[in-house]
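Heads up, the thing below is written out as structure tokens.
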Amino acid sequence: MSDHASHRSHLRHSGWDARAQARDDKPSARANSRSQTDCPTWRPLAALALCLALVGCASQPQAPEPGTPPKATAGTWAGRPIGAAPVPQPGLRQAMISAATREWGEFGRQVVVFDANEESIPEVGAWEDDDRGHSGRVSTYWRAVGRAHLDGYDCNQSWSAAFLGWIMQTAGVPPNQFPPAPTHAETLTHITGAAGEPDRYWVPRLVSDYSPRPGDIICATRTPHGASAGSVPERGTHCDLVVGRDGAILEAIGGDVRNTVSKSRLPLDGGGRLRPAVRRHWFLILENRL
């Protein structure tokens, strides 16, 4: 059995509980190399180290959020009125979800389950640097944001924003509504800054006030104090596209989630709002008004 297959078998049978070690789902032990053989060598050791870290840290209380976020309503953002909604286009909303779901299938349908103190991978898919085919697929996402020289073997380059940009291009979303960019901060800054304009496809909502639904985009920081309500941090963010709900579980697909296109299963509270989860400190939801 190959090292990759053996490691995946271990993950499927035991689950992988992981703590963050670096930015944008990139473990710090991972080599910054384009070599097909260098990239995967961190995986068995990193998985063991992360599991041990979780055992030691799971009982520690989460740091409290500083201050109380300002209240927002469906009609305002940062004290300014939200612009009038666009004409509904349910077909375009579904095109986004369908494109993301297809890419998830291309990468083997990896599932990542998040809870308050645990992260596990009951279904392990193909990873970004497993072979030239999947590495090339990541290169396709990078080309959508003007970084054609990058691919899946560029192991320390986070491609989650490039993935979302490619999804929106493929679905037919105009770039003035969702400008593809190599970082989430660039896109989020554009969308939140335009919230007062009419006919915006997405408008920002506070996590504490809103229950996400398919077509929305949910965004988190890696650290508890990475952002405050109404602000967009310059780095360390990750965003996923919501594709479904299953009772008190939200399902979202994103790129570069544990080195592949993954479907994340995330807990909701009794009001349908996102609950805190390990390595997902939610700070913003973009409501899809199509």
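Observations on the structure shown:
- For segment 142-253, the relative contact order works out to 21 percent when only alpha carbon pairs closer than 8 Å and six or more residues apart are counted.
- FRET efficiency for the Ser98 to Asp246 pair, using the beta carbon distance and R₀ = 22 Å, is estimated at 0.75.
- Summarised in one figure, the compactness ratio Rg/Rh of segment 167-290, Cα atoms and Kirkwood Rh, is 0.92.
- For segment 136-193: relative contact order, % (alpha-carbon pairs under 8 angstrom, 6 or more apart): 31
Every number in this text was worked out from the coordinates using simple rules, so none of it is lab data. These numbers were taken from a predicted model, which means no experiment stands behind them. For neighbour counting, all protein chains shown are included, and Cβ atoms are generated from backbone atoms with ideal geometry for every residue, glycine included.
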